[in-house]
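Asks: Okay, handing you the structure first.
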Amino acid sequence: EAVVLESRVDRYLGSVADVVSRWGTLKPGDHVVVGEQAGRIRQLLDTVTGKPLKSAPPATPARLIGLKEPATPGTDILVVPSVKRAKEVVDIRVRRREEAEQQAAEREKLLAEGKDPEQGDGDASSAPICVKVPVILKADTDGSMEALRYSVDAMTLELQANAEAAGLADGSEFQVIRRGVGEVTTSDVELAKAFGAQIFAFNVRAANKVTSLAKEQAVPIVTQSVIYHLLDDLKQLVAERSPRVKEVVVHGQAKVIKVFEMKPRRRSESVWIVAGCTVESGKIHRNLRLRVRRGEEIVHKGGLDSLKHFKEDVHEVNKGQECGISLSSFQGFQEGDIIE
């Protein structure tokens with residue numbers, strides 16, 4: 001991790017940035033994230049002699065070549081494993097900035113209209129597609145803060161990947177509404193209260209008056225001196241806020257061999273459809289919910305109307321047995337359907 005000291009556009013080299021590493025070593029070929037741009041270190045030069053450098057260890061000034069645009073002095077530089085990860089981190093930063101700008105604009109609009117920003121405009125259709133977990137991050141140094149920010153970005157990517165793997169349209173991600181170096185302040189507590197956020201502090205404390213205010217406002221302040229413990233606390237928070245995935249346990253499967261149209265049991269009823277099945281695995285139980293699978297598609301979920309073995313009503317049918325199944329609100333069986 002490094003910081004930009006000065007940046008300019010060179011007539012021959014393109015965008016050039018004088019940088020110094022805070023921790024770790026910069027090397028030509030490293031993939032980097034600088035603010036909201038991803039790049040690759042094409043070359044490192046000595047800032048005095050202009051000669052190429054093989055590496056730039058901590059506290060060693062170097063001239064970095066390879067950025068597409070000049071970087072603002074003071075901008076942090078992160079070294080990441082790959083160009084893919086660099087683009088992912090940039091996407092997250094851009095999205096967060098745009099969301100923060102949009103939220104700020106919406107709050108200003110509501111205030112101008114004399115409305116309470118915490119109540120919103122009552123439009124439920126504009127609900128976000130994922131669960132935002134608002135947090136405030138505090139650390140003792142710039143280097144610690146950058147390491148914490150990088151870890152939070154990586155956790156957000158992991159959460160999104162897990163949501164996709166679980167087949168969820170909705171996932172969870174952290175919304176860092178403020179990050180800063182130094183002790184937790186009353187301003188942090190007030191901002192956390194406004195956004196319903198928690199404060200996570202690494203290697204810093206809060207003064208007594210700040211702690212008292214946090215208790216009054218019911219704002220949790222989590223402090224840790226080991227960064228991995230703080231990350232565990234963040235994971236616990238997002239686990240509590242994440243959408244729950246219901247586990248489906250399949251107790252048995254029956255294959256539809258033939259579909260029968262039965263005479264109505266009452267004059268007021270329509271044709272009664274029964275699926276003649278063979279239980280291929282487990283058992284079919286009368287008191288469990290069923291679903292009808294057609295290939296990869298689930299065409300129906302619902303309760304059981306009747307379960308028969310030959311002509312007798314039964315409580316369950318086991319593997320290898322034949323049965324007749326009718327569902328309370330589905331009659332569109334096709335041969336080859338799987339009832340689970």
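Asks: Between residue 314 and residue 233, what's the calculated FRET efficiency when r is the beta-carbon distance and R0 is 51 Å? Round to 0.05.
Replies: After rounding to 0.05, the efficiency reads 0.45.
Asks: Sticking with this one: With a cut-off of at most 12 other beta carbons within 10 Å, and DSSP calling the residue loop, which chymotrypsin sites (Phe, Trp or Tyr not before Pro) in region 259-340 qualify? Please list them.
Replies: Listed in order of number, the matching sites are 310.
Asks: Now for a different question. Using the reciprocal of the averaged 1/r over all distinct C-alpha pairs, how large is the Kirkwood radius of region 38-103 in Å?
Replies: 13.9
Asks: Same structure, new question: Work out the P(r) tail for region 1-88: percent of alpha carbon pairs separated by more than 20 Å, whole number.
Replies: 21
Asks: Whole number in Å², please: accessible area per residue of region 185-340, 1.4 Å probe, ligands, DNA and RNA not counted.
Replies: Here the per-residue accessible area is 62 Å².
Asks: Follow-up. Show me 53-59, 145-151, 182-188 ranked by packing, highest mean number of other Cβ atoms within 10 Å first.
Replies: Descending packing order for the listed peptides: 145-151, 182-188, 53-59.
Asks: Mind putting a number on the dipole of region 254-325 about its Cα centre? Charges go on the C-beta only, +1 for Lys and Arg and -1 for Asp and Glu, and I need it in Debye to the nearest 20.
Replies: In total the dipole reaches around 140 debye.
Asks: Identify the trypsin sites (Lys or Arg not before Pro) of region 273-335 meeting these criteria: DSSP loop state and at most 10 other C-beta atoms within 10 Å of the C-beta.
Replies: The qualifying sites are 311.
Asks: Identify the trypsin sites (Lys or Arg not before Pro) of region 1-38 meeting these criteria: DSSP loop state and at most 11 other C-beta atoms within 10 Å of the C-beta.
Replies: Taking region 1-38 and a limit of 11 other Cβ atoms within 10 Å, the loop trypsin sites (Lys or Arg not before Pro) found are 11.
The values are calculated or read from the model by the stated rules, or taken from the named source; none is laboratory data. Since this is a predicted model, take the numbers as computed values, not measurements. All Cβ positions, glycine included, derive from the backbone under ideal geometry; neighbour counts span all protein chains shown. Note: areas computed on protein heavy atoms with side chains; ligands, DNA, RNA excluded. Shrake-Rupley method; radii C 1.70, N 1.55, O 1.52, S 1.80 Å.
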